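Below is one structure, written out as structure tokens; comments come after it.
The values are calculated or read from the model by the stated rules, or taken from the named source; none is laboratory data. For clarity, every value in this text was computed on a predicted model and none was experimentally measured. Virtual Cβ from ideal backbone geometry, glycine too; neighbours counted across all protein chains shown. Ligands, DNA and RNA are excluded from the accessible area calculation, which covers all protein heavy atoms including side chains. Shrake-Rupley method; radii C 1.70, N 1.55, O 1.52, S 1.80 Å.
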Amino acid sequence: MGDYRVFCASLVVFLLFLGNGVNCEDPYRFITWKITYGDIYPLGVKQQGILINGQFPGPQIDAVTNENLIISVYNYLREPFLISWNGIQQRRNSWQDGVYGTNCPIPPGKNFTYALQVKDQIGSFFYFPSLGFHKAAGAFGGIRIWSRPRIPVPFPPPAGDFTVLAGDWYKRNHYQLRRILDGGHNLPFPDGLLINGRGWNGYTFTVDPGKTYRFRISNVGLTTSINFRIQGHKMKLVEVEGSHALQNTYSDLDIHLGQSYSVLVTADQPAKDYYIVVSSRFTKPVLTTTAILHYSNSWQGVSGPIPGGPTTQIDWSLNQARSFRWNLTASGPRPNPQGSYHYGLIKTSRTITLANSGPIINRKQRYAVNGVSYIPADTPLKIADYFNIPGVFSLGSMPSSPSWGNNAYLQTAVMSANFREFIEIVFQNWEDTVQSWHIDGHSFFVVGMDGGQWTPASRARYNLRDTVARCTTQVYPKSWTAIYMALDNVGMWNIRSENWARQYLGQQFYLRVYSPAHSWRDELPIPKNALLCGRARGRHTRPF
């Protein structure tokens, strides 16, 4: 979990001079990470992995709502490196987002200290390396944000809290996979699945009989949706990416790329060991791996057939996704009920339609949004925007609706938007594969999803009362998904495919949420320690 030191940073002298009482800031947690190469054997084959403090997966991050995380990252790799924080909203602070559109990479042998706050957030998330296809080599880990002690949680404290990082894996290293993509090809089929960095029956979760445990499950894979289930046990869904959920019970759960869920599991079965199963969804063949649920008083190992799950059924998954609901009476990170924000009564100011595609450009496989395949600029967009460096990107280079001709092209794509807009985004998928989309810096309401072409008439089927607020959503084959989102966070924000091959080959863009006030109330200033690269090299951040 890292070496945390928590303290209250008080402006004691200043406040005493003013004759005021001493007030504490939100607590700080200090974390130091060393990023190194190391040998790992997740599928029984020696590979070069990327380790954090010698660990694969990386250390767990624990924080309480509103705490400040000061994370010093030392890069001992032979190549630049960046860490991003999947689902952490970085309120007013896209400077800390850790993707190449906002941050210069940490050079080999150098370090960078992230200073981020988990402002007004609770729930289950994960971090991952965002640069150079490093995600295929490790350096990912879980993030748990706990509610403040006086904020009620809508279920009794569990006896234990487990993080489950599951997803597909390749025996090839990230250099080889990157060469495949750079050569104009898609990735081959994955070699297997992992649970917490280990293969078949490689990880054990120990429980006491009769007690209830929380499992925080994230799909940290590269290309594949998964299904999660526990032999002989039911799962009560309690949280979806920072939102307390209506507590429906499921025998298995589809988790698409980049998504995170929390479930409660009660050890109410005869004392023995049980399979925890993760299998691939919508693939042929179906990949499967297992971990073990071990009762502490068990003397009997796992036995019997591995419980089967859904394989290629789309309707099954769609119906399950529609069953996820916000718990309107539960407090979120603040004491007011989640349902006090009536998203369905707010008039949207614009509709953005985003269509994914897989065009061939310059005789190479690429992936695109609205016909634009993203290429990185020579300078991070956020830094270029701050210093007014011309020629790095153009506002409006990302169209807000698809063009239906066969005219895909390469572009550093940026879409402009205004602070405090309330918008509708429609993800339209005409391909035969499930898509998964993530938006940095925000949560959004998944108001509808269905097959076929979205039209304005589709709004009649929206859930405008109790859909969950989250940051990652799936779009089924030849289907659409619609979301409502408040642009309440100034900054430069990445909108991307969570399929990492598609993201790497261009299925992403940046949304510039702009406030003309240029006030620190809307956005924090550039960090003093911000790394400067590209055309910003040689410039200065700020003196204080």
Exercise. Considering 467, 481, 455, 472, which residue is without any contact (Cβ under 8 Å) to a residue 12 or more places away in the chain and not hydrophobic (A, V, I, L, M, F, W, C)?
Worked result: 455
For this session: Name every residue in the stretch 503-544 that is of a type in the set (Phe, Trp, Tyr) and not in a loop (DSSP other than H, G, I, E, B), in order of residue number.
Result: 504, 509, 510, 514
Exercise. Can you name every residue in the stretch 376-392 that is under 27 Å from residue 349 (Cα atoms) and either of a type in the set (D, E, K, R) or open to solvent by less than 20 Å² (accessible area, probe 1.4 Å) (or both)?
Worked result: 381, 382, 385
Exercise. Does residue 395 fit the bill of being among the hydrophobic types (A, V, I, L, M, F, W, C), open to solvent by 10 Å² or more (accessible area, probe 1.4 Å) and over 19 Å from residue 505 (Cβ atoms)?
Worked result: yes
Problem set entry | Residues within the stretch 166-222 that are part of a strand (DSSP E or B), open to solvent by 50 Å² or more (accessible area, probe 1.4 Å) and in contact with a Ser or Thr (Cβ under 8 Å, 6 or more places away or on another chain), tallied | 1
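Please tell me if residue 307 is in a loop (DSSP other than H, G, I, E, B) and in contact (Cβ under 8 Å) with a residue 40 or more places away in the chain.
Yes.
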Seminar exercise, completed: Within the stretch 437-482, the residues that are polar (S, T, N, Q), crowded, with 21+ Cβ neighbours inside 10 Å and farther than 13 Å from residue 241 by Cα are 474, 479, 481
Exercise. Does residue 402 count as open to solvent by 40 Å² or more (accessible area, probe 1.4 Å), assigned to a loop (DSSP other than H, G, I, E, B) and not acidic (Asp, Glu)?
Worked result: no
Exercise. What are the pairs, 6+ residues apart or on separate chains, where a residue within the stretch 148-166 that is closer than 29 Å to residue 254 by Cβ has its Cβ under 7 Å from a residue that is acidic (Asp, Glu) and modelled with pLDDT of 95 or more?
Worked result: 159/208
Exercise. Residue 159: within 21 Å of the chain's Cα centre (by Cα) and either among the aliphatic types (A, V, I, L, M) or surrounded by fewer than 20 Cβ atoms within 10 Å (Cβ to Cβ) (or both), yes or no?
Worked result: no
Problem set entry | Within the stretch 73-116, tally of residues that are in contact with a Lys or Arg (Cβ under 7 Å, 6 or more places away or on another chain) and either over 21 Å from residue 381 (Cα atoms) or without any contact (Cβ under 8 Å) to a residue 40 or more places away in the chain (or both) | 4
Exercise. If you check residue 63 against the conditions, is it open to solvent by less than 20 Å² (accessible area, probe 1.4 Å), outside the structural domain of residue 393 (by the TED database) and touching a strand residue (DSSP E or B) at 6+ places or on another chain (Cβ under 8 Å)?
Worked result: yes
For this session: Give just the number: which of (1) touching a His at 6+ places or on another chain (Cβ under 6 Å); (2) open to solvent by 20 Å² or more (accessible area, probe 1.4 Å) does residue 525 not satisfy?
Result: (1)
Exercise. From the list 511, 532, which residue is surrounded by 23 or more Cβ atoms within 10 Å (Cβ to Cβ) and among the hydrophobic types (A, V, I, L, M, F, W, C)?
Worked result: 511
Exercise. Out of (1) more than 30 Å from residue 118 (Cα to Cα); (2) surrounded by 17 or more Cβ atoms within 10 Å (Cβ to Cβ); (3) of a type outside the set (Val, Ile, Thr), what's the single condition that is false for residue 305?
Worked result: (2)
For this session: Could you tell me whether any residue of the stretch 129-138 is of a type in the set (D, E, K, R) and either open to solvent by 10 Å² or more (accessible area, probe 1.4 Å) or more than 15 Å from the chain's Cα centre (by Cα) (or both)?
Result: no
Exercise. Is there a residue in the stretch 382-404 that is at pLDDT 95 or above, within 24 Å of the chain's Cα centre (by Cα) and charged (D, E, K, R)?
Worked result: yes
For this session: Find all pairs meeting these conditions: Cβ atoms under 6 angstrom apart; at least six residues apart or on different chains; first residue within the stretch 530-544 and among the hydrophobic types (A, V, I, L, M, F, W, C); second residue assigned to a loop (DSSP other than H, G, I, E, B).
Result: 530/541; 531/104; 532/539; 533/104; 536/379
Exercise. Only one residue in 159, 136 is closer than 21 Å to residue 266 by Cβ and either at pLDDT 95 or above or of a type in the set (Gly, Ala, Ser) (or both), so which one is that?
Worked result: 159
Exercise. Within the bounds of the stretch 236-253, is there any residue that is small (Gly, Ala, Ser), open to solvent by 10 Å² or more (accessible area, probe 1.4 Å) and either assigned to a strand (DSSP E or B) or in contact (Cβ under 8 Å) with a residue 24 or more places away in the chain (or both)?
Worked result: yes
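Condition check: over 24 Å from residue 144 (Cβ atoms), polar (S, T, N, Q) and either at pLDDT 95 or above or open to solvent by 30 Å² or more (accessible area, probe 1.4 Å) (or both). Does residue 68 satisfy that? So that I can check it myself, show each step before the final result.
Values: over 24 Å from residue 144 (Cβ atoms): no; polar (S, T, N, Q): yes; either at pLDDT 95 or above or open to solvent by 30 Å² or more (accessible area, probe 1.4 Å) (or both): yes.
No.
Test of understanding: among 334, 350, which residue is surrounded by fewer than 17 Cβ atoms within 10 Å (Cβ to Cβ) and over 22 Å from residue 426 (Cα atoms)?
Numbers: 350 fails: over 22 Å from residue 426 (Cα atoms).
Criteria check complete, one pass: 334.
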For this session: Within the stretch 280-304, work out how many residues are assigned to a loop (DSSP other than H, G, I, E, B) and either farther than 30 Å from residue 477 by Cα or of a type outside the set (Lys, Arg) (or both).
Result: 14
